[in-house]
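A quick write-up on the structure given underneath.
Since every read-out is calculated from the coordinates, none of them should be taken as a lab result. Please read these numbers as outputs of a predicted model, since none were measured by experiment. No Cβ is skipped: glycine too gets one built from the backbone with ideal geometry, and neighbour counts run over all protein chains shown.
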Amino acid sequence: MAIETILIINKSGGLIYHRNFSESFASKLNSNDFLIIASTIHSVFAIASQVTPKALQLTQNKVDYTIPYIPMVGMESSANQNNRGNPEMKLGSYKGPDYFRESFVSWNKSGLRQLSTDQFTMYIYQTMTGLKFVALSSNVLSSHHTTANGTVDKTKSANLASQVADNFLRKIYCVYSDYVMKDPFYSMEMPIKSETFDKKVKEMVNNLL
Amino acid sequence: MSRPVSTISGQSGLSSSGSGAPLGGQGRSLKATGDDIWKNKTEKINAELFTLTYGAIVSQLCEDYDRDFAKINDQLFQMGYNIGVRLIEDFLARTALPRCEDMVRTSEVISKCAFKVFLNISPKVTNWSANKEAFSLVINDNPLSDFVELPMDAMKGLWYSNVLCGVLKGALEMVQLDCDVAFVSDILRGDQLTEIKIKLNRVLKDEIPIGED
Amino acid sequence: MSQQIIQPSTADPSVRDRSTGYEYTVGPKPSLPDEHMRSPLTSRLYAASLAAGKQQVSLAAMTFLFQEMIAYLHKNCTSVTEFEGRLSAYGESIGTKLLELLNLRSSVAPGSSSRTSTFLSSSSQTSTAAGSTTAGSATARSRSGTVTSSRSGVSASTHTGTAPSTGPASAASHSNGSATADSHSHHTHAHIHQTESLTSQITRMRRRDLKILDILQFVHGTLWSYLFDHVSDDLVKSSERNNEYMIIDNHPPLTQFISGANNRVSCDYFVCGIIRGFLTDAGFRCKVTAHTMPQGTFDNRTVYLIQFDNQVLERENIRFGQASS
């Protein structure tokens, strides 16, 4: 999955972090445009929860919001690690080969989670405190699958991509809780200015390619 | 807009390898979750350094505020509050526990998971109020107050570990639970137990992030 | 010149009747109303074991506390130097305590009984402990196999300790009741029979470090392992100046989450303070500063530069002959 851009939006809808990772249409927008995009996403997210069809709302209890754990999303492959001669990755205040190793339940039940267009796909991960992590990927989920099963394939690959994105964004959340929350020079709800956070996010995005 | 509408199984070799049930779900108790995260997934550091650092902070505060213990208690609470609003993000990123339905569940998460993951202690939950919205946490072996003895004047006015109350208040407020958190008794002051009372005032319904229900 | 005999102050009624002041015939008097009810010996503090407990908290909790400490200081300070100075002062108070603690813990004879840190029991046993030390020593000699009483803790270590160290220990336990009680009373005063006190495992205190290199080795090895679970990454003597030494840490754990290299180095002054408090109280006055020196994959690599006062070097010269080269 090739991630183009990562955005972090605080609970009031303000953009606190934005980084482009490759030359693409996204980098033609300036920072002001991104501020506008962030607040638009924030509002559309809220509207989406109201738009859920009544029929689906009634079956809400039966929907499983569990996201399975997909190992080593965004982590350096062990081959690379051994080559560098540093077998133990330092994960800040987390220990072990990965930030977490279980499946988890998504907090985002009725809001917007994924937006697929013919140019890009956007994934949103919202935390219980209202913080939103948005990833824009250049992978396009194709709408045409000519197989015997027809549309089933599309759902499967879309599901997998969505799970990978959720796993990935939760790890970005872990990195955020380390390098931004534990920084005494960061004021809450303000734009993030930490280069270590930047570096870690860039590493993870590169590992995802 | 695609959402998984069925349980994902047999998707590909990648999913659910070595994962087990989600944390806090039916498959795993909160206690097992907390223990597992403490043992395998957190970096640790010498607790005595923690105790000594906190001691340096409190004694410096005593000097700065000229032993006005009411102000020192407030300052400790405020510092704890600032820590709490950040600590909740760390806790949620680490455990990804779903929202608690009621205070009973909240008390379990706090005592079995949160304290275990951060401080490696397991306080007990006691003294439930009639409407199940207030409870007390009884803490044994508080790492902040190891080897600490209060001088006579502080014994009457200072809540040494008041930072814990601030942390709890800040963290709960970020998950939209407005609570009153305060010390009831403290071993350092000569009481039998160290007890913190947590009382829910109201759920901040309008601040619950959209999309959660 | 008056030939008056100088009477001790207790002979003078005006002095004697004053209620403040120490009267050697009576001993210390409680100055606050209920202090006499709470004798310091029954405080739970003195019964807790000092043995290295291997208690840990999560790095997250420590860094959150550290972060708040820095934020509080940052609010109240006007300049970077003031900030660094005050942060260093926090560390100094910790360093002085660590000097005593680590010296005590390093004095435990290797191979003595396990260092379990058991916490203590009731105050009633404390008061009897002091009284029964003499009785205890008699019974201990006959019950030399057990390790429950603090008295027999000494004899237990004589089994496992080396030969020279048994000399003073057994001599002490054989000597007369009151003398034993006295010499051991400092250590085992309030230690209860059941707990294994750290000092019962110590037969000889570790010698004070008198040379610069020795104390620095102690900092590089013992202090760093105590603080961060690993020895520091390097101990270097500066080639340019005689009084400069450097301790290097590739990945300081407390400041790893702080953004901005300058900010991060300022926050390293906490550890500088610990080192400075430690060395100063050990008799080696110095100034400690932190500098960042990234190398290879270690972006956070920090060098703690220790500059000893001239008097320390002079003393070293005089005492140990030629200057360390």
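For every other residue with a beta carbon closer than 11 angstrom to the beta carbon of A:TYR125, add +1 if it is Lys or Arg and -1 if Asp or Glu, then tell me the sum. It would help to have the intermediate numbers written out before the result.
Details: positive: A:ARG113, A:LYS132, A:ARG170, A:LYS171; negative: A:ASP166.
Cβ neighbours under 11 Å give a net charge of +3.
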If one compares the long axis through the Cα atoms of helix B:162-174 with the longest principal axis of the Cα atoms of chain B, the angle in degrees, nearest 10, works out at 30
Extension length gain for A:VAL44 and A:LEU209 (0.36 nm per residue less Cα distance), in nm, is 56.5 nm
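What number, in percent, do you get for the relative contact order of chain B if the mean sequence gap of Cα pairs under 8 Å and at least 6 apart is divided by its residue count? Write out the running numbers ahead of the final one.
Values: 275 pairs, mean separation 45.6, N = 213.
Relative contact order comes out at 21 percent.
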In vacuo Debye sum over C-alpha of region B:85-213, base-10 log of normalised intensity I(q)/I(0) at q = 0.14, 0.16, 0.17, 0.23 Å⁻¹, listed in q order, is -0.64, -0.82, -0.91, -1.53
